[in-house]
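*Asks:* Provided herewith is a single structure, encoded as structure tokens, for subsequent inquiry.
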Amino acid sequence: MRLAVAKTATAAAALLLALAACSEDAGGNNDGTGDGGEDPVFAAMKTWDACEVLDNLQPITEFMGIEGYGSLTSAGGAPATREYDTTWSPDAIGCGNLIYLGSYEGLGMDGEIKVSIIPAEDEDQASTAYADRAGAAESNAAGGQDTTSSEIGDPWDEGVMHSWIEGADNPHVEIIARDGQWVFQIVLYHSADYGLGATGEPALQFTDDELNQWFIDTYLPEVNQAVNDKIAEVQ
């Protein structure tokens with residue numbers, strides 16, 4: 001009888017050890033070393049509030065003179081945060097909304113802006129994400145008129161901007177840039193400047209060329225620094 005009890009206890013102990021090992025394998029190693037765990041930078045970036053990281057798009061608001069968010073016809077409001085991997089922003093965190101740029105002779109000028117930060121597990125995945133979005137932007141631009149394209153360099157590993165005119169003379173711009181294991185994207189369209197069309201005097205406080213150049217020379221380097229500073233807190 002004692003021998004039987006001892007064998008039962010030994011078998012039970014072995015079973016517990018086996019179950020513990022299986023549980024550990026299923027859970028994986030989450031230390032970011034690549035042994036089955038999620039990269040810590042990728043894991044952290046997915047939880048960020050994009051509007052918070054991007055200062056609620058305040059630099060863009062000031063440069064463009066955006067009077068309202070969330071409506072095409074009224075002032076006020078704010079950009080909306082989009083959590084990771086939603087329909088609006090697949091595989092990304094985002095910040096944006098409809099925009100209101102004021103009116104000219106009773107005609108409202110409006111548009112929409114979507115700004116996304118796309119994190120990835122590593123540079124290879126980020127390069128794939130960049131290529132997919134850059135290809136889509138190129139296809140979108142090909143359907144418009146007066147299309148221009150510009151390469152984006154340092155501090156980015158690769159980047160491109162496509163701008164074109166579409167619909168009722170509405171300017172569009174898409175910017176995609178990659179730095180290491182993350183990608184940044186801006187998708188923007190807005191009404192034409194009705195003042196220029198009517199009297200030759202601008203109703204908007206920017207021209208499309210000025211806006212595009214500001215994105216490349218000023219805004220993109222600032223975003224790069226802000227995001228990389230926040231990444232440094234994780235590493």
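*Asks:* Residues with beta-carbon under 13 Å from that of I66, excluding I66: net charge, scoring Lys, Arg +1 and Asp, Glu -1?
*Replies:* -4
*Asks:* Roughly how many percent of the accessible protein surface of segment 122-235 is carbon and sulfur, given a 1.4 Å probe and a whole-percent answer? Kindly include the intermediate steps, with their values, before the conclusion.
*Replies:* Details: 2390 of 5600 Å².
Exposed carbon and sulfur together represent 43 percent of the surface.
*Asks:* Taking only protein heavy atoms and a 1.4 Å probe, what accessible area per residue, in Å², does segment 146-196 have with all protein chains in place? If you can, show how the numbers build up before the last one.
*Replies:* Working: 1940 Å² over 51 residues.
On a per-residue basis, 38 Å².
*Asks:* Averaged per residue, what accessible surface does segment 74-140 expose to a 1.4 Å probe, in Å²? Working shown, then result.
*Replies:* Numbers: 3070 Å² over 67 residues.
Ligands and nucleic acids excluded, the result is 46 Å² per residue.
The values are calculated or read from the model by the stated rules, or taken from the named source; none is laboratory data. All figures in this text were calculated on a predicted structure; none of them were measured in a lab. Here the Cβ is made from the backbone with ideal geometry for all residues, glycine too, and neighbour counts use every protein chain on show. Calculation scope for accessible area: heavy atoms of the full protein, side chains included, ligands and nucleic acids excluded. Shrake-Rupley method; radii C 1.70, N 1.55, O 1.52, S 1.80 Å.
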